[in-house]
Number of protein chains: 2
Amino acid sequence: MGGEDLSRLYRDYIDCLNRQDWPNLGRFVADDVRYNDAALGLAGYRAMLERDFAAIPDLRFEIRLLVAEPPQVASRLWFDCTPKGELFGLPVDGRRVRFAENVFYAFREGRIAAVWSVIDAAAVAAQIGRAP
Amino acid sequence: MGGEDLSRLYRDYIDCLNRQDWPNLGRFVADDVRYNDAALGLAGYRAMLERDFAAIPDLRFEIRLLVAEPPQVASRLWFDCTPKGELFGLPVDGRRVRFAENVFYAFREGRIAAVWSVIDAAAVAAQIGRAP
């Protein structure tokens, strides 16, 4: 798969997340997916995403930057949302916060096999007036 | 410039940082470089790096993942170091900490014109026993 095809596949994956189309998640994510070096598996990955949407009812994944070099993709995601309670251990409590996630994916046979994510929790802390 | 050339240029840039070869930084970084959407400029970028090495005498940039799609590069950097005092506002005080930085670069005419970085400060907080 070339870089353009991989970019298109990644955008379809993000659309799947934004639709909360969990029955189709396995089209994009491998059964044995690893997340930040932990063996999460597809079921654990789906459960993580479902928890995220439960905690952040207006959660939406927006691609700001996309770099594809098969079999790897890197994406800068942007979030502008109002989490209900705690987020990253911070008491957001319904306030509007904006933050980035810079995330890498390794694809294998057209599906995400590993994810390495860093989320800008410090930006959220600053927006709700918390020192680090 | 193709993806392989851009990857090589990026590795040379990281070598330049690890050598603290500041007179050559301008070979890799544009005069009007932006960092996380702020107009830092080459002088400000160099000053930031010099402050980082002053605060972390054993600072070393290690490339864990590299994704190049001209004119963009994404890199997952790994740090294993002993900062002297505070790091990201956290009282590390000479303890050993390990953390990642997921960072995007936009190149223009063979030099870095913009950087979007997210550092895993939460990992550092956890390693020194601090809640978020």
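Descriptive notes on the structure:
- If the condition is being under 30 Å from B:GLY3 (Cβ atoms) and crowded, with 18+ Cβ neighbours inside 10 Å, then the stretch B:82-103 contributes B:PHE99, B:ALA100, B:GLU101, B:ASN102, B:VAL103.
- Residue list for the stretch B:89-105, filter: closer than 30 Å to A:ALA68 by Cβ and within 8 Å of chain A (Cβ to nearest Cβ): B:ALA100, B:GLU101, B:ASN102, B:VAL103, B:PHE104
- Filtered residues of the stretch B:79-123 (kept if among the β-branched types (Val, Ile, Thr) and in contact (Cβ under 8 Å) with a residue 60 or more places away in the chain): B:ILE112, B:VAL115
- Considering the stretch A:1-35, and only residues there that are assigned to a helix (DSSP H, G or I) and of a type in the set (A, V, I, L, M, F, W, C), the residue that is farthest from A:ARG46 (Cα to Cα) turns out to be A:LEU6.
- Condition check for A:ALA55: surrounded by 13 or more Cβ atoms within 10 Å (Cβ to Cβ) and farther than 12 Å from A:VAL115 by Cβ: yes
- Search result, residues across the stretch A:104-122 that are surrounded by fewer than 22 Cβ atoms within 10 Å (Cβ to Cβ) and assigned to a strand (DSSP E or B): A:ALA106, A:PHE107, A:ARG108, A:ARG111, A:ALA113, A:ALA114, A:VAL115, A:TRP116, A:SER117, A:ILE119
Values in this text are rule-based calculations from the coordinates and carry no lab data. Just so it is clear, the model here is predicted, and its values are computed rather than measured. We place every Cβ from the backbone using ideal geometry, glycine too, and count neighbours over all the protein chains shown.
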